[in-house]
1. Considering 149, 145, which residue is over 21 Å from the mean Cα position of the chain (by Cα), assigned to a helix (DSSP H, G or I) and more than 21 Å from residue 206 (Cα to Cα)?
2. Residue 192 versus (1) surrounded by fewer than 22 Cβ atoms within 10 Å (Cβ to Cβ); (2) at pLDDT 95 or above; (3) more than 16 Å from ligand 1 (Cβ to nearest atom): which is the lone unmet condition?
3. Any residue that is within 16 Å of ligand 2 (Cβ to nearest atom), at positive phi and buried (at least 16 other Cβ atoms within 10 Å of the Cβ) - is there at least one of those in the range 83-103?
4. Would you check if residue 240 is more than 19 Å from the chain's Cα centre (by Cα), at pLDDT 95 or above and surrounded by 15 or more Cβ atoms within 10 Å (Cβ to Cβ)?
5. Taking the condition away from ligand 2 (no atom under 16 Å from the Cβ), over 18 Å from the mean Cα position of the chain (by Cα) and in a strand (DSSP E or B), does residue 233 pass?
6. Listed residues 82, 48; which is in contact (Cβ under 8 Å) with a residue 12 or more places away in the chain and touching a strand residue (DSSP E or B) at 6+ places or on another chain (Cβ under 6 Å)?
7. May I ask you to list the residues in the range 47-76 that are under 26 Å from residue 219 (Cβ atoms) and more than 17 Å from the chain's Cα centre (by Cα)?
Ligand code: ADP
Ligand code: MG
């Protein structure tokens, strides 16, 4: 189950990732591998570079250096880190399902329309197929009755479950979650974590930035503690949470635990 003993192929491989905003170096050479079926959890304080790292993986941010491989395919980059092959980039982006902190559903579309938008208009899936698939996914996340609802009329937990279903609708090779529960009222966190846990249990590959330490301990196969753009410590959850070595990590776990 842990990446160390998994013989699965790599789903995502990041090597020596650097990212600067102007003179501010936010990522200072970060490497990680998620094999197929792995759940890699990224933890760390605010401003440590967690979101930037996820955003670099699907090129929502342009890396300043390093390499990114998705399903064995290396993203072609120019010397400045920007993507060299737009078509390849599109394909790779469409193989990663991203879930953001603030749901980011299209507010002027119903839930069903949110789910079929990319499959129909970008991936050219026949509409009836896309709708059938969307309905299955909505059923999975407990929103079968909400397909005609507009996001504004749903709770945060429902919106985030819809956003997860939308990310699944492109049939991604891996899911990227950026603090999917941190914008939610406490009583709505559980229903979203339960959906994510279900995906982990069925073997979905994911990279999950979270501040839910108990959840990370429960679902992750590998945990990375990021501090100031550097991996300060990483390992299986039992080690990282049970026997942290770094003083910084020990302090961090005290403040969040
Ligand atoms: P985290 O997700 O761990 O809280 P972020 O990756 O969001 O951290 O941010 C890391 C650092 O990068 C912060 O200092 C933040 O201000 C800076 N940063 C993030 N995005 C940008 C941006 N688009 N422009 C300038 N600075 C940014
Ligand atoms: Mg963040």
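1. 145 is the lone residue from the list that is over 21 Å from the mean Cα position of the chain (by Cα), assigned to a helix (DSSP H, G or I) and more than 21 Å from residue 206 (Cα to Cα).
2. Condition (1) is where residue 192 drops out.
3. The answer is yes; a qualifying residue exists.
4. It is true that residue 240 is more than 19 Å from the chain's Cα centre (by Cα), at pLDDT 95 or above and surrounded by 15 or more Cβ atoms within 10 Å (Cβ to Cβ).
5. Against the criterion (away from ligand 2 (no atom under 16 Å from the Cβ), over 18 Å from the mean Cα position of the chain (by Cα) and in a strand (DSSP E or B)), residue 233 qualifies.
6. Working: 82 fails: touching a strand residue (DSSP E or B) at 6+ places or on another chain (Cβ under 6 Å).
48 is the lone residue from the list that is in contact (Cβ under 8 Å) with a residue 12 or more places away in the chain and touching a strand residue (DSSP E or B) at 6+ places or on another chain (Cβ under 6 Å).
7. 47, 72
Condition check ((1) surrounded by fewer than 18 Cβ atoms within 10 Å (Cβ to Cβ); (2) farther than 27 Å from residue 120 by Cβ; (3) away from ligand 2 (no atom under 16 Å from the Cβ)) across all residues:
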site: 177; (1), (2), (3): no, no, no
site: 197; (1), (2), (3): yes, yes, yes
site: 201; (1), (2), (3): yes, yes, yes
site: 209; (1), (2), (3): no, yes, no
site: 215; (1), (2), (3): no, yes, yes
site: 226; (1), (2), (3): no, yes, no
site: 250; (1), (2), (3): yes, yes, yes
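The values are calculated or read from the model by the stated rules, or taken from the named source; none is laboratory data. Keep in mind that what you see is a predicted model, and the values were worked out from it rather than measured. Counting neighbours? That spans all protein chains shown, and the Cβs are built from the backbone with ideal geometry, glycine included.
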